[in-house]
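For reference, the structure is listed below as structure tokens.
The values are calculated or read from the model by the stated rules, or taken from the named source; none is laboratory data. Every value quoted in this text rests on a predicted model; they were computed, and no experiment measured them. Note that each Cβ is placed from the backbone with ideal geometry, even for glycine, and that neighbours are counted across all protein chains shown. Remember, those area values only see protein heavy atoms, side chains included, never the ligands or the DNA or RNA. Shrake-Rupley method; radii C 1.70, N 1.55, O 1.52, S 1.80 Å.
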Amino acid sequence: MQPCARLAVDSFAGRGQALQHVGMPVSHESPKDPIAFELFKNAIFSIADEMALTVFRTTYSGVLKDNMDYSTGFADSDGKLVAQGLTLPGHLGSVPTAMDSIMRHYGNDMAPGDVFIMNDPFDGGMHLPDIFVFKPLYHGDRRMAFACTVCHHTDVGGRVAGSNASDSTEIYAEGLRIAPLKLYEAGKLNKTIMTFIEKNVRIPVKVFGDLRAQLAACHIAEQQFAELVAKHGPDETAAFMRETVDYAERLTRSALANLPDGEWSFEDWIDDDGVDYGKPIRLFVTIRKTGDHMVVDWTGTNPQVKGAINNTLSFTKAASYCGIRSVLPPGIPNNEGVFRAIEVICPPGTVGNGVLPAACAARGLTGFRMVDCMFGALAMMLPDKVKAAGDGGNTGISIGGYDAERKPFIYVDFTCGAWGARPWSDGLDGNSHMMANMASHSIEVTEAEEPIQLLAYEFVADKAGAGKYRGGVPFRRDYRFLEEEGTLQVRSDRRDFRPFGLYGGSPGAPSENYLNPQAENKILPGKFTMIVKKGDIFRHVLAGAGGWGDPLERDPAAVLKDVRNELLSPAKALADYGVFVDTAKWSVDAVATAKRREEIRRARGWTETPKVQRHDPPGLASGTVKAAE
Amino acid sequence: MSAIGNYRVGVDIGGTFTDIVLLGADGTLHTKKVSSSVGNYAEAIVEGLSELFHETGLAGAVIEEIRHGTTVASNAILEHKGARVGLVTTKGFRDVLEIRTLRMPRLYDLAWEKPAPLVERYLRQVVDERVDARGRIERALDPKDAERAVDALLAEKVEAIAVCLLNSFANPRHELMIKEIVERKAPKLKFSISYEVLPEIKEYERTSTTVINAYVMPIVASYLRAMRTGLDGAGIPARLLLMQSNGGLTSDTAAAERPMNIIESGPAGGVVGAQALARAKGLPTLRIVLGHALRAAALPLVSYLGPALAAILTGSLVVEQIFGLPGIGRYFVQGALNRDYTLVLGVLICYAALIIFLNFLADIIYGLLDPRVRLT
């Protein structure tokens, strides 16, 4: 009962402005029947999930169908998030901001049958491909809730196919900006908006197909919500929705109260923005925790940059929540209640909170890296709970152009897969980043539908950061282009600044991009847009993930297993871990290993284990690998 | 005492108990519960049956068939106690099985562990070949390369080999080449070929299914063999049928070839059991069959019959011609031969209307049949 008692005392202070500015009375009453509430809570989350499934089943594009880059949600009558059917943590925080914008523009100027559409990053959106569709849900004349969907669309126009380019320098180059507008007014479609969209996107068939998927999801939500209201009555439904939010707040606060109080900071760098090459971009976070309240402060983060990797505040919030949610117990509903307990600050005009005319199409990168930065800070706070840096979040690859009949094609792929090592186990090999739980495209489906052939999709040895627990092993993907000519656009990172290792763990290997690896093997930068011709092969190798703990403490049997599986060469096993592997008998020479480990330990001369490593520790550099060979 | 072959036996094996039900054609029912014989599950079945025979005075020959649901395959997967499998796949795609689809089933879970792949990386061999998405061979498989891959796996003493090459659903030639090599080099070894197991697009799903099939093959085969031997020894010549994941039955020899089909036999048996229970509770069989089973089964039929009916009505020219039946198809052809354009046009409009109407009808029937479709 203690968390509840405390909540009653400081709930006004903690709930912050969010509630006060809409003037909603704060109710401390718990609903009378906890069982009915539990059933309602599950019902409303099921609706959000069913909306997500509706999009999944009815979408036209691969980026939704296979990558699942979309989210669905449910807000109360004031636009406060009640439930999010999450397929993508990166979208948590986006719906409230977008809803705020709708409420600001329209307030009570809405009626049954209205549907809102928007994507403007500077008016509630995230980046232009993410189009929001909202539908207010009514019971008679009373507005009860909003059905919310946000989907990443294949293309929204702009200078590069896919509307994802990282090297645009202002929002105006990135595509169609849609301010909060009524797509339907009292059930009547606004053809002007549809025509504007149709004439400004490369593949209207897919965009409209996906918009219809969003509308279908809203429709499903409307039907099911009506059933819920019919069952509980409008007053009880509203009370339950309020309680769902309060419940999440109570859970979040009681979980936060269990963490130590204090202040922790962490910094990390993005290589560059793809425009000002070689100019690193600093991310800096400070976590302040007192009692059951937490502040995530990004003051000190780099000013906004020319390249298209500027976040909106909503995405910075999502990244902050993502980091914290990962150390909180599972089962906390995703809604406004969580946001009340966790305050996120990021000054306007920084990469974490871009202002007009910041380009932001490829801002995903910054979001991913902010999550890693959060993990760094949380690792200082909770050394045994958080992982080292992963591959840096997904690499975005778009290949677009026109075929011989001038029919456009766009292939958009987001791929990532190496998790940083954890204080209790190795990093995962081939698993999505926490911020974007995206599925991969099936290779065979890609080849059947796009003028692309995949030549490789496999792990690359000797790239994972060493440690007591090693970082995840990265993979490479080789794309062969089959049309006459097309545009290849790539957003990757972790080339100059490698994924850090924690508490003695080594950093992972940098990422790599090549053109035609079998022939000229030209090294390509991390971020670029270029013309590709028929037969050109683009190779991307993910960065290796960082390790955790002293590599000399790694179980030799685990090292042997990696060597046996060709994820680690015998030479690197010796250099990084001091382990002698006999590849004829597949065994470890224990005596030689103990001796070698002692040598490394002395040569290394650590007085204390380094908390964060961004470079190879002395004596473990790649030079030693050659010496051992 | 009784005529031959009018008893049926149902056997379900759990980790602790083995349940046996003996059902006579006249409705007589005998049941037996014995401790499961872990290691050789067949023992408990044979033993339980012998006891039943002893109690009832029946002989093995009265049994017509034995129907059996087993968790032996799913247990092997869950406990990672299946065969040591080697996988042959296309060069560049060695890790499809392990990378899976990247996505994890939970969000914000730092402690998530991916399930270990059923084939470790060093047992995954690649061959240099390539079939494109349309099934054209871009890079022919060198038999020597295939032999090398198979030899390497045999040297690792694998107990089964799975083969899944990229785009093999469109052209299985290379997979069949490898199959032939495996058969030649290790005639007794179990193998599973993706084209034979699941010839469908999507490499991860196909690879995974093929590997699982190979993974449980030796265990299921020896299990079924032991059971057959035990039954024969006890003088029970009845055929052995196994419950499949789809609720149907399959013979023991077929199950040994495609053990992937019996993995979910338990839950499937539950569904069949629910039907039996509904019947026992007094729901008329007609209602179960028409209202529940057939209604669901009719869905694909309706979607096919709609357009098919239109095709029959409009395209039966030959039949009409031969049998001298007056029909719309013949009418149309005659109109065309007589250059009666108005008639041709009219018939065409009729055709189109018919097709549209029948498709529409199919959609309506769909709405009536499928409980998931709701009209608002």
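Taking each residue of the stretch A:562-580 that is more than 14 Å from chain B (Cβ to nearest Cβ) and looking for partners that are open to solvent by 20 Å² or more (accessible area, probe 1.4 Å) and among the aromatic types (F, W, Y) with beta-carbon atoms closer than 9 Å, six or more apart or interchain, yields A:A573/A:F580; A:L574/A:F580. Per the conditions (1) part of a helix (DSSP H, G or I); (2) within 45 Å of the chain's Cα centre (by Cα), the sole criterion not satisfied by B:G335 is (2).
Can you name every residue in the stretch A:528-561 that is in contact (Cβ under 8 Å) with a residue 40 or more places away in the chain and part of a loop (DSSP other than H, G, I, E, B)? Hits for the stretch A:528-561 are A:K534, A:G535, A:D536, A:L542, A:A543, A:G544, A:A545, A:G546, A:G547, A:G549, A:D550, A:R554.
Taking (1) within 14 Å of another protein chain (Cβ to nearest Cβ); (2) crowded, with 24+ Cβ neighbours inside 10 Å; (3) in a loop (DSSP other than H, G, I, E, B) in turn, A:A161 satisfies each apart from (1).
The requirement of being surrounded by 24 or more Cβ atoms within 10 Å (Cβ to Cβ), within 14 Å of the chain's Cα centre (by Cα), assigned to a loop (DSSP other than H, G, I, E, B) and of a type in the set (A, V, I, L, M, F, W, C) is satisfied by A:M434.
Quick grid of which residues meet (1) of a type in the set (A, V, I, L, M); (2) farther than 15 Å from A:L137 by Cβ:
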| position | (1), (2) |
| --- | --- |
| A:Q224 | no, no |
| A:L228 | yes, no |
| A:R250 | no, yes |
| A:N258 | no, yes |
| A:D276 | no, yes |
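Filtering the stretch A:492-535 to residues that are of a type in the set (G, A, S), within 28 Å of A:G467 (Cβ to Cβ), open to solvent by 10 Å² or more (accessible area, probe 1.4 Å) and out of contact with any Gly (no Cβ under 6 Å at 6 or more places or on another chain) leaves only A:G526.
Across the stretch A:54-100, what is the number of residues that are in a helix (DSSP H, G or I), polar (S, T, N, Q) and surrounded by 24 or more Cβ atoms within 10 Å (Cβ to Cβ)? Counting residues in the stretch A:54-100 that are in a helix (DSSP H, G or I), polar (S, T, N, Q) and surrounded by 24 or more Cβ atoms within 10 Å (Cβ to Cβ) gives 1. Scanning the stretch B:190-208 for residues that are open to solvent by 40 Å² or more (accessible area, probe 1.4 Å), within 15 Å of the chain's Cα centre (by Cα) and away from chain A (no Cβ under 14 Å) gives a single hit, B:E196. Just one of the listed residues (B:L141, B:L154) is modelled with pLDDT of 95 or more, away from chain A (no Cβ under 14 Å) and assigned to a helix (DSSP H, G or I), namely B:L154. If the condition is being under 21 Å from A:S314 (Cβ atoms), assigned to a loop (DSSP other than H, G, I, E, B) and touching an Asp or Glu at 6+ places or on another chain (Cβ under 8 Å), then the stretch A:125-155 contributes A:H127, A:L128, A:P129, A:H153.
Within the stretch B:57-108, being in contact with a Leu (Cβ under 9 Å, 6 or more places away or on another chain), farther than 24 Å from B:V119 by Cα, without any contact (Cβ under 8 Å) to a residue 60 or more places away in the chain and open to solvent by 30 Å² or more (accessible area, probe 1.4 Å) holds for one residue alone: B:L107. Does at least one position in the stretch B:214-223 carry a residue that is more than 20 Å from A:I443 (Cα to Cα), away from chain A (no Cβ under 14 Å), among the aromatic types (F, W, Y) and crowded, with 24+ Cβ neighbours inside 10 Å? Yes, the stretch B:214-223 has at least one match.
In summary, A:I171 fulfils each of the numbered conditions (1) aliphatic (A, V, I, L, M); (2) under 22 Å from the mean Cα position of the chain (by Cα); (3) surrounded by 24 or more Cβ atoms within 10 Å (Cβ to Cβ) with the single exception of condition (3). Within the stretch A:425-453, residues that are within 7 Å of chain B (Cβ to nearest Cβ) and farther than 15 Å from A:V371 by Cβ have Cβ atoms under 6 Å from residues that are open to solvent by less than 20 Å² (accessible area, probe 1.4 Å) and modelled with pLDDT under 95 in these pairs: A:G430/A:G417; A:A439/B:L102; A:S440/B:L102, counting only partners at least 6 apart in sequence or on another chain.
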